[in-house]
Amino acid sequence: MLNKPVLVESLIVFIIVLFVHAVVWDRYSWCAVALAIQAFYAQFKWDRLLQLGGAVFQFRTAANSGLLPASMVIPLLGIMMKERCKSAGIVYFERFGIVVASTGMLVALFLSVIAVGITKPVPTNTCILTGVAGSIIIYTMKHSLTVSEVIEVLEVLLIFVYLSMILLYLLPRCFTPGEALLVLGGISFVLNQLIKRSLNVIEGRGDPIDFFLLVAVVGVVLLGLFFTVLFIFMDSGTWISSMFFHMMTAVLGLGVIMPWLYRLIQRNPLFWLLQFLFQTQTRVYLLVYWTFLAASACGIVFYQNAKRSSESKKHQASTITRKYFHFIVVATYVPGLIYDRQLLYVAAVLCLAVFIFLEYIRYFRIKPFGQTLRHLLSLFLDERDSGPLILTHIYLLLGMSLPVWLFPRSCAPKGTLSGAGALVPYSGVLAVGVGDTIASVFGSTMGEIKWPGTKKTFEGTMTAIFAQIIAVALILIFDSSVNLNSSYAWILASVSLVSLLEAYTTQIDNLLLPLYLQIMFM
């Protein structure tokens, strides 16, 4: 039997799916409903495989599989993007939304088929449901997608299969099946988009900051794969290996990534980046302010480690201490969202690349900073960092940045959506920066009534909802571009559902919650 938290988590996801279905009510939303039903049953099979140790790869053990909530994210994002762009009359991005939704459904279906295939004895009912849902989705794709779009969907699926085989083998216990679906599915889609755009470069077409995101994400992933394979055959902790690491990083960066970006944006990437960053006085002020916040975050890390050394008995940072970084991230993102979203977009990409590169240095013990980073960051580990990589800070950055990166700018007149959609870029700030932080702080200090089957408290969830409503009111005051058009009931329902999901999910909430709040706002 599924335990109670998993049932409640599944119920919340079903409610969100039905909300989207009620708003859209077309063949794609019917496909989403069918996918959700079969993912619920397949999730039970994955949970059983994880408990019995029968999964093909080693997944994170302190959580359930999370297949249902993860399976619905990409399809629902694609469906809502299609609807927004359809209402704006942007046919290209309407078709792009359909491709995103179809890709998400097919990748999720593939993961469900794997669970059914390796479960013994073969689960008859789940096989029938998976077959019915797959037939509905494939039939819809057959009558909706062009030949080139079908090929694009299959390309992403192929990339996802190979990436999963490689990364899940190299990085045991870093993901649950649901987290692997989200992370590797996203990387697969980005890689396919980069290949597609690189082969069809048209001067003047496309925003350089979008190309910058694609190249940066693919570049750091390929860099990691290259060094992972390389250090299988040599010790990464020696000075010679470290010098080779830095040299090859420079060679790959200047010899592959920079020319690739130059081909896409048709100008020198370094000159473009410098010109972009210092284009206006507001950007200079924001960069100085962000530098101060980054220094403050580093100061907290050093102070907490010095405190650990003096106390000697304290081995891990408390929940409240880890939430300091959430407050710093909120203070970073809110001014960027209000004054210059394009700068925030590019700065978040740069920060992601730096975070991943530093994680490579820590993981491979690259001299002179690898061992120091291992010591400094070990204080902030929690049960979700059970694998060889420390990913929680990267997930925090992704959760705050994805609503900014995924905001459909081309389908938003005057750079903003109407109604609750105006809050889409703030989804990460509200769900993670405010909601998750307040829930953790108040729940751990004053919470007494626990939600059934979880460690989360009723008081923490209620204060999180209240804090997010106050945050929305403050956004209305300080950001003149936000116009909610009396959609307050929908905002309250969205915030409440996502806060309940935070209380019951065992997945990485920094990644999952902002995406569901974005779906509801869109």
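Give me, ordered by chain and number, the residues 5 or more places off residue 482 or on other chains with an amide H under 5 Å from its own placed amide H.
Under 5 Å from the amide H of residue 482 lies no amide H from a residue far enough along the sequence or on another chain.
Just to verify a number: what accessible area does residue 351 come out at with the full protein assembly present, 1.4 Å probe, Å² rounded to tens?
Ignoring ligands and nucleic acids, residue 351 comes out at about 50 Å².
Quick one: net charge around residue 371, please, counting Lys, Arg +1 and Asp, Glu -1 for every other residue with C-beta under 10 Å from its C-beta.
So the environment of residue 371 carries a net charge of +4.
Tell me, what is the percent relative contact order of the chain, built from C-alpha pairs under 8 Å that lie six or more residues apart?
18 percent
In vacuo Debye scattering of the chain, one point per C-alpha: log10 I(q)/I(0) at q = 0.05, 0.07 Å⁻¹?
Reported log10 I(q)/I(0), two decimals: -0.19, -0.38.
Run the lone-cysteine check on the chain: no other Cys C-beta under 4.7 Å from the residue's C-beta.
Flagged as lacking a Cys partner: 31, 127, 174, 298, 351.
Which value, in Å² and to the nearest 10, is the accessible area of residue 395 when all protein chains are kept and the probe is 1.4 Å?
10 Å²
Enumerate the aspartates and glutamates that residue 196 could reach by cross-link, defined here as Cα to Cα under 16 Å, with residues fewer than 8 away along the same chain left out.
Output for residue 196: 149, 152, 155, 207, 210.
Distance between the C-alpha centers of region 383-450 and region 84-103? Whole Å please.
24 Å
Would you pull out the residues with amide H under 5 Å of residue 450's amide H, same chain only if 5 or more places away, H placed 1.01 Å from N?
458
Taking DSSP loops as anything outside H, G, I, E and B, show the longest stretch in the chain free of GluC sites (Glu not before Pro) there with at most 11 other beta carbons within 10 Å. Please report the intermediate quantities before stating the final value.
On the way: sites that count: 203, 383, 448.
Answer - 1-202.
Cα-Cα over 25 Å: which of 323/450; 120/142; 4/82; 4/456?
Long pairs (Cα-Cα over 25 Å): 120/142; 4/82.
Tally Lys and Arg at +1 and Asp and Glu at -1 over the other residues with C-beta under 14 Å from the C-beta of residue 300: what net charge comes out?
+4
Going through the DSSP H helices of the chain, which span 18 Å or more along their own axis at the Cα atoms while scoring at least 1.6 as a mean Kyte-Doolittle hydropathy?
Answer set is 4-24, 91-118, 147-170, 208-230, 458-478.
How charged is the neighbourhood of residue 520? Take every other residue with its Cβ under 14 Å from the Cβ of residue 520, and add Lys/Arg as +1 and Asp/Glu as -1.
Details: positive: 84; negative: 83, 502.
Overall, the nearby charge balance is -1.
Find, to one decimal place in angstroms, the Kirkwood hydrodynamic radius of region 412-521, where the mean of 1/r is taken over every pair of different Cα atoms and then inverted.
Working: mean 1/r = 0.0712 Å⁻¹.
Taking every pair of different Cα atoms in region 412-521, averaging 1/r and inverting gives 14.0 Å.
State the Cα centre-to-centre distance between region 28-44 and region 282-301 in whole Å.
So the two Cα centres are separated by 44 Å.
DSSP loop (so not H, G, I, E, B), at most 16 other Cβ within 10 Å: list which chymotrypsin sites (Phe, Trp or Tyr not before Pro) in region 164-233 pass both filters.
Sparse-neighbourhood loop chymotrypsin sites (Phe, Trp or Tyr not before Pro): 233.
The values are calculated or read from the model by the stated rules, or taken from the named source; none is laboratory data. Since this is a predicted model, take the numbers as computed values, not measurements. As a convention, Cβ positions derive from the backbone with ideal geometry for all residues, glycine included, and neighbour counts pool all protein chains shown. Just the protein is used for accessible areas: all its heavy atoms, side chains included, with ligands, DNA and RNA removed. Shrake-Rupley method; radii C 1.70, N 1.55, O 1.52, S 1.80 Å.
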